[in-house]
1. What pairs come out if I take residues in the range 116-144 that are free of Cβ contacts under 8 Å to residues at least 40 places away in the same chain and pair them with residues that are surrounded by fewer than 11 Cβ atoms within 10 Å (Cβ to Cβ) and not in a helix (DSSP H, G or I) whose C-beta lies under 7 Å away, six or more apart or interchain?
2. Answer yes if at least one residue in the range 98-105 is assigned to a loop (DSSP other than H, G, I, E, B) and either over 30 Å from residue 139 (Cα atoms) or modelled with pLDDT of 90 or more (or both), and no otherwise.
3. Only one of these conditions is not met by residue 110: (1) part of a helix (DSSP H, G or I); (2) at pLDDT 85 or above; (3) surrounded by 13 or more Cβ atoms within 10 Å (Cβ to Cβ); (4) not assigned by TED's automatic domain parsing to the domain that holds residue 60. Which number is it?
4. Given (1) assigned by TED's automatic domain parsing to the domain that holds residue 90; (2) in contact (Cβ under 8 Å) with a residue 24 or more places away in the chain; (3) loosely packed, with under 12 Cβ neighbours inside 10 Å, identify the lone condition not met by residue 61.
5. Which residues, counting only those in the range 73-96, are within 19 Å of the chain's Cα centre (by Cα) and either without any contact (Cβ under 8 Å) to a residue 24 or more places away in the chain or not assigned by TED's automatic domain parsing to the domain that holds residue 110 (or both)?
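The values are calculated or read from the model by the stated rules, or taken from the named source; none is laboratory data. Since the structure is predicted, the reported quantities are computational estimates derived from the model, not experimental observations. As a convention, Cβ positions derive from the backbone with ideal geometry for all residues, glycine included, and neighbour counts pool all protein chains shown.
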């Protein structure tokens, strides 16, 4: 009987004495647990999301990647695509949606995924929390819009905010 283990992420097969995937670091699973995990993943991917709310908007490829991260976290989601205009000047509008009760958990999962993919985000967030510029480390005030030393914009101001402010 084959007792080899399988990576749940990249599906690589390993000898039984190996515990972690050499490529992605995931904990390896015995074949029966791997099958169960794949069935659960498929169930989550196919689950209908009622009264869905948008958790992110953007490019379809990017949202597909984020949806995979949500499925990995056990959060059902869907991607809605509104076609752009027929002239071709307006692109498609894509939204990643989750059930309202999963919104906070989805946002946390996406943020954790982004921190894993881009470790510099975690460092930047820590510097901002300490009141320092994420680019140069200089002290900045809590209400600063840009770093006084390097000029990095610290606050993204929407055009609507400028007009109403």
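1. Filtered contacts from the range 116-144: 131/142.
2. yes
3. Among (1) part of a helix (DSSP H, G or I); (2) at pLDDT 85 or above; (3) surrounded by 13 or more Cβ atoms within 10 Å (Cβ to Cβ); (4) not assigned by TED's automatic domain parsing to the domain that holds residue 60, residue 110 violates only (4).
4. The failed condition is (2).
5. Listed by number, the residues that qualify are 79, 81.
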